[in-house]
Each structure stands twice: as C-alpha cells, then as structure tokens.
Amino acid sequence: MKKMIALIMLSIMIISCKEEEITNPENQNDLSVLKSNESNMLRFGSVDELKEFISVQHENDEDLLDKARRMSEEGKYNPLLLVYNLEGKEAEKLGIKERNVPTVASNDDMLLLLLNENGEIGIEDKIFRIDGDFVYSYSEGTSSNISEFLNAYNTGEIRIGRGDTYEFSKELTVYRHNNDSEREENREGVRGATSYKYFSNNYRMKARQYNGYWLFYSSIGAKTKVEERKKFLWWSWWKTVKTDNRLEYQLTYNVTSTFGFPPLTLTASGHKYCHCNSANKVYDWSVGFPAAPNVYKPLEGYSKHWAHWYSTNPNTVSTTMYY
C-alpha cells in the first residue's frame, strides 16, 4: 500500500513539473504579467530581468508597435504604445476610454511598450506609474494614495519642484519629472526636438529627437515615422502608418550619474533604414530600482530623417535637426 501511495505521489509530481514547464513564463522565455486594478501589466522580479527584456528587444530590432499590437491580441496587456495609436472603434473594443488614458510625454517607443494602458509597470515589490508631471512608485493595493496626493497637491498643501522626489507615505513615493513636453520644446527661441514635413494635407513625416528621465528608466535617441490624418465628423487626429523610414545620426552626449559619479561625454553614430512604423534608435538607456543610474543630455551633433509615401507627389520628404 505504501509503495502504491508513493507511486501516486511521484506521478503527481511529474505531472506538476510538466505543467510548470508549459505554463511558467520563464521556461517559455515569455513575459511575466501581473493583474492589477483590472489591467494587466508587465512584472519584473528584478532590475536584471528588466534589463534583459529591453536588451532582447533592441537586439531583435523588432518593430515595437507591431509587438505591442501582438501583446494585446494575445491578451497579455495593452501597451501604452498601442493605446496611443488606436482608432476609436479599436479602443472601444478593448474597453479603453480616452479620459482614462495617462499622459506620458515621451517619444521613446521602448518606454511606451513597457507601460500598460494605465502607464504602469511592476518592478520588484513596487508598481511605477507615469501620468502627467509625475512618476509614482507605490506598493500593490495602495493606488488610492495617488488620489490623496493629487488632492493635497492641487490644493497647495504639498509643493514639489521639478526633479524632486516626495515621500508621501511609506507606500507612495512621487517624483516630479522635468522632461520637457513637445509643446514646451517647440516654443520660439528653444532648440526644437520635433520637426514635421508634410507630403500632403493628410500625410506627414514626424522627425523626433528625445531624451528623458522617468525615475526607473532613462534614455536618449531619435526616430522617424509617418502619420496619416484621420477624420470623423469634426474630429481629426494623426495615426502612425507603416512605410519606408530612414534615420542617420552623429552626436556627442553627456551622461550624469544619479549616484554622484563624475559625468561622462560619449558619442553615437550610425543609421537605421526600415519598412516599419518607426525608424527608432535609442542611443543609450538605463534602468534601475528604486531609480535609474544615468541621466542623458545631448551636447552637439545632428540627426537626418527621411520618409517615403509613394501615393503622394512629392513622395519623399527629409529634414536635418541639429543638437
């Protein structure tokens, strides 16, 4: 009888191990996904896992908007990169309402891929959320603290300067980033980081240089993409479309350590040509917990951008932007 019980237990263990091999995301080299507040998000147990995930995406050189759409179709999570490129009917089908979509003033496709529809990502025992001027770091199940913080901030009870961190409670840390929005960067007298070249009234190339620090993630890069004007009744918006995009770059940039190490000056040069949603190149990036170690700032150089839309005349536009 004891031998039979032992045999049964051994069989159960073998079946359990096989099921784990099938369902464990690590064994599939897949993504770890956390269910939180009715939304799925990426969950990384360590900074090393997050670094590996980002490195793999860069090495594969996959079109990130295509990847974002696939992640959503497979039911894993709705990347913010996809949400920002949805049409009304698509958003409605996914249950996404425009008023609930967070504002993340970044043109880095990688950052927008990492974040879900609520601007969230899980790292170790914290959830990071980006929305508007703030990056929130909070414990699971304590997101109500964000509303409490905003109420206190909006009434003037709390003051927090750009680039500063505020410990609202032991569950919530708030970082007010100082990344410029597009609107601020396009002010007269400020070196612009965005340029639009129009094929026609309905198609345009968007050339973009970007750098930003988002507490857990920082990067510097450039991109070229084409957008199509969409219209419905009296509303209109621009949506990314796939075409032949090109990018060349050469620059020097400054790397400042958040740990107090002496700053470095580095260089980047190269090109990216593709039939894609975006010719996107991240020159450099860092991630960390509780904070990324590097802040990047361009010094001098240029990025050249070309795009093609063959149904228009002219069918090619280009621009060069200097740092």
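The values are calculated or read from the model by the stated rules, or taken from the named source; none is laboratory data. Bear in mind the structure is a predicted one, so any value in this text is a computation, not a measurement. Reconstructed Cβ throughout: ideal geometry from the backbone, glycine too, with neighbour counts over all protein chains shown. What goes into the accessible areas is simple: the full protein's heavy atoms, side chains included, and nothing from ligands, DNA or RNA. Shrake-Rupley method; radii C 1.70, N 1.55, O 1.52, S 1.80 Å.
See the values below:
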{"quantity": "Within the range 193-206, considering residues that are buried (at least 16 other Cβ atoms within 10 Å of the Cβ) and under 22 Å from the mean Cα position of the chain (by Cα), the one modelled with the lowest pLDDT", "calculated": "193"}
{"quantity": "Members of the range 253-283 that are surrounded by 15 or more Cβ atoms within 10 Å (Cβ to Cβ), among the hydrophobic types (A, V, I, L, M, F, W, C) and farther than 21 Å from residue 49 by Cα", "calculated": "255, 268, 274, 276, 279"}
{"quantity": "Test: residue in the range 6-22 that is open to solvent by 30 Å² or more (accessible area, probe 1.4 Å) and either under 30 Å from residue 230 (Cα atoms) or modelled with pLDDT of 50 or more (or both)", "calculated": "no"}
{"quantity": "Any hit, the range 284-300, residues being open to solvent by 50 Å² or more (accessible area, probe 1.4 Å), more than 30 Å from residue 121 (Cα to Cα) and touching a residue at least 24 places away in the same chain (Cβ under 8 Å)", "calculated": "yes"}
{"quantity": "Scope the range 261-284; condition under 15 Å from the mean Cα position of the chain (by Cα) and over 16 Å from residue 61 (Cβ atoms); matching residues", "calculated": "284"}
{"quantity": "Residue within the range 123-137 that is hydroxyl-bearing (Ser, Thr, Tyr) and modelled with pLDDT under 95 present", "calculated": "no"}
{"quantity": "Verdict on residue 292 being at pLDDT 95 or above, among the aliphatic types (A, V, I, L, M), within 22 Å of residue 44 (Cβ to Cβ) and under 16 Å from the mean Cα position of the chain (by Cα)", "calculated": "yes"}
{"quantity": "Residue list for the range 67-84, restricted to those being more than 13 Å from the chain's Cα centre (by Cα) and surrounded by 23 or more Cβ atoms within 10 Å (Cβ to Cβ)", "calculated": "77"}
{"quantity": "Number of the condition not met by residue 135 [criteria: (1) open to solvent by less than 10 Å² (accessible area, probe 1.4 Å); (2) assigned to a helix (DSSP H, G or I); (3) hydrophobic (A, V, I, L, M, F, W, C)]", "calculated": "(2)"}
{"quantity": "Of all residues in the range 138-182 being among the β-branched types (Val, Ile, Thr) and in a loop (DSSP other than H, G, I, E, B), the one that is nearest to residue 47 (Cα to Cα)", "calculated": "142"}
{"quantity": "Subset of the range 87-132 that is part of a helix (DSSP H, G or I) and of a type in the set (Asp, Glu) - its residue that is surrounded by the most Cβ atoms within 10 Å (Cβ to Cβ)", "calculated": "109"}
{"quantity": "Filtered residue count, the range 205-235, keeping only those that are among the charged types (D, E, K, R) and in contact (Cβ under 8 Å) with a residue 60 or more places away in the chain", "calculated": "4"}
